[in-house]
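Visitor: Sharing a structure below in structure tokens format, with a few things to ask.
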Amino acid sequence: MNIKKFLTTELMAEAAGKHIIEIVKKKPDSLLCFAGGDTPLMTLNYLAEAAKQGEVDFGKCSFVSLDEWVGLGKETNGSCKQTLFDHFFDRIPNIDDSQICFFDGLAIDMDAECKRVDHFVAKHEGIDFMLLGIGMNGHIGFNEPGVRVDTYCHVIDLDPVTKKVSVKYFDEEMNVTRGISLGIQHITEAAEVMLMANGEKKADIVELTINTEPTADIPSTLVKNSKHAVLYIDDAAASKL
Ligand code: GLP
């Protein structure tokens with residue numbers, strides 16, 4: 001896995017944004033996947049500003065969501081859908097809902113929801129680029145420690161660490177217990193995967209991700225099995241290396 005280290009989070013986000021713009025310029029009809037959570041927010045902001053300035057046109061791209069908390073929809077502050085729409089989709093000129101396939105955490109039939117999203121990815125012949133955050137326990141999307149590596153979309157019980165960390169996203173107690181997510185197969189089959197981490201609190205998991213052979217116990221290590229994987233980290237996240 002390629003590792004790119006940056007002095008600050010801002011420089012990391014700018015470099016990631018520029019890289020994504022290059023991908024879209026090379027393949028304007030790319031299928032892109034951006035994680036929710038805090039990590040990608042600065043990069044998404046960079047991209048939204050660039051799109052507003054006309055430096056990049058997402059008009060022909062398609063987007064698939066990475067994951068969602070089961071039981072939550074866009075109405076809930078802190079859901080993945082709300083995060084991505086507020087920070088990115090609703091700020092981008094020239095894209096409409098038909099280009100976006102997002103997990104509905106409120107769907108009654110979660111198996112059908114998995115099939116719907118699997119079908120969207122398959123129809124586009126796979127994902128061109130994924131921007132993934134690393135959870136404190138090494139999860140990527142809701143591919144939790146111990147996840148089956150041969151899965152596409154699936155519903156999974158959340159790891160205790162994920163449940164504990166989840167409170168940072170929500171205004172009130174949500175008691176989330178399950179997640180719906182793209183699978184490890186989607187990640188290893190994607191043309192390019194960018195794993196991203198910033199801040200000192202991610203230093204331990206970054207060190208483990210880099211220095212551990214691919215294992216489902218630390219899902220972020222499985223990114224090393226992807227066709228083309230790169231890790232973007234800032235100085236603080238690199239402090240245990
Ligand atoms: C969350 C989300 C992921 C995210 C990851 C890291 O639980 N389900 O999409 O990438 O965990 O989150 P953060 O970037 O807030 O640390």
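Visitor: Which of the residues belonging to segment 26-42 are open to solvent by less than 60 Å² (accessible area, probe 1.4 Å) and within 11 Å of the ligand (Cβ to nearest atom)?
Guide: Across segment 26-42, the qualifying residues are Cys33, Phe34, Ala35, Gly36, Gly37, Thr39, Pro40, Leu41.
Visitor: State whether the residues of segment 151-162 include one that is free of Cβ contacts under 8 Å to residues at least 12 places away in the same chain and within 15 Å of the ligand (Cβ to nearest atom).
Guide: There is at least one residue in segment 151-162 that is free of Cβ contacts under 8 Å to residues at least 12 places away in the same chain and within 15 Å of the ligand (Cβ to nearest atom).
Visitor: I'm trying to understand the selection: among the residues of segment 191-210, which are more than 10 Å from the ligand (Cβ to nearest atom), surrounded by fewer than 24 Cβ atoms within 10 Å (Cβ to Cβ) and outside any loop (DSSP other than H, G, I, E, B)?
Guide: From segment 191-210, those more than 10 Å from the ligand (Cβ to nearest atom) are 191-194, 200, 203-204, 206-210; that's our starting set.
Right, trim to surrounded by fewer than 24 Cβ atoms within 10 Å (Cβ to Cβ) and you get 191-192, 200, 203-204, 207-208, 210.
Of everything in segment 191-210, those that are more than 10 Å from the ligand (Cβ to nearest atom), surrounded by fewer than 24 Cβ atoms within 10 Å (Cβ to Cβ) and outside any loop (DSSP other than H, G, I, E, B) turn out to be Glu200, Ala203, Asp204, Glu207, Leu208, Ile210.
Visitor: Which of the residues spanning segment 211-235 are in contact with a strand residue (DSSP E or B) (Cβ under 6 Å, 6 or more places away or on another chain) and part of a strand (DSSP E or B)?
Guide: Within segment 211-235, Ala229, Val230, Leu231, Tyr232, Ile233, Asp234 meet the criteria.
Visitor: Could I ask something else about it? Residues of segment 137-155 being open to solvent by 30 Å² or more (accessible area, probe 1.4 Å) and acidic (Asp, Glu), which ones?
Guide: Once the filter is applied, which keeps residues that are open to solvent by 30 Å² or more (accessible area, probe 1.4 Å) and acidic (Asp, Glu), segment 137-155 yields only Asp150.
Visitor: On to the next question. How many of the residues in segment 156-187 are closer than 30 Å to Val24 by Cβ and open to solvent by less than 30 Å² (accessible area, probe 1.4 Å)?
Guide: Total meeting the criteria: 8.
Visitor: Go through Ala13, Ala35 for me and flag whichever is in contact with a helix residue (DSSP H, G or I) (Cβ under 6 Å, 6 or more places away or on another chain), among the small types (Gly, Ala, Ser) and closer than 26 Å to Phe170 by Cβ.
Guide: Every option except Ala13 fails the conditions.
Visitor: Another question about this same structure. I'm trying to understand the selection: among the residues of segment 211-224, which are open to solvent by 30 Å² or more (accessible area, probe 1.4 Å) and touching a residue at least 60 places away in the same chain (Cβ under 8 Å)?
Guide: Here is the first cut: in segment 211-224, the ones open to solvent by 30 Å² or more (accessible area, probe 1.4 Å) are 211-215, 217, 224.
Those that are open to solvent by 30 Å² or more (accessible area, probe 1.4 Å) and touching a residue at least 60 places away in the same chain (Cβ under 8 Å): Asp217, Lys224.
Visitor: Here's a follow-up. Can you give me the number of residues within segment 34-60 that are closer than 13 Å to Met196 by Cβ and out of contact with any Pro (no Cβ under 8 Å at 6 or more places or on another chain)?
Guide: Within segment 34-60, residues that are closer than 13 Å to Met196 by Cβ and out of contact with any Pro (no Cβ under 8 Å at 6 or more places or on another chain) number 11.
The values are calculated or read from the model by the stated rules, or taken from the named source; none is laboratory data. What you see is a predicted model, and the numbers here were worked out from it, not measured in a lab. Virtual Cβ from ideal backbone geometry, glycine too; neighbours counted across all protein chains shown. Protein only, heavy atoms only, side chains kept; ligands, DNA and RNA dropped before computing areas. Shrake-Rupley method; radii C 1.70, N 1.55, O 1.52, S 1.80 Å.
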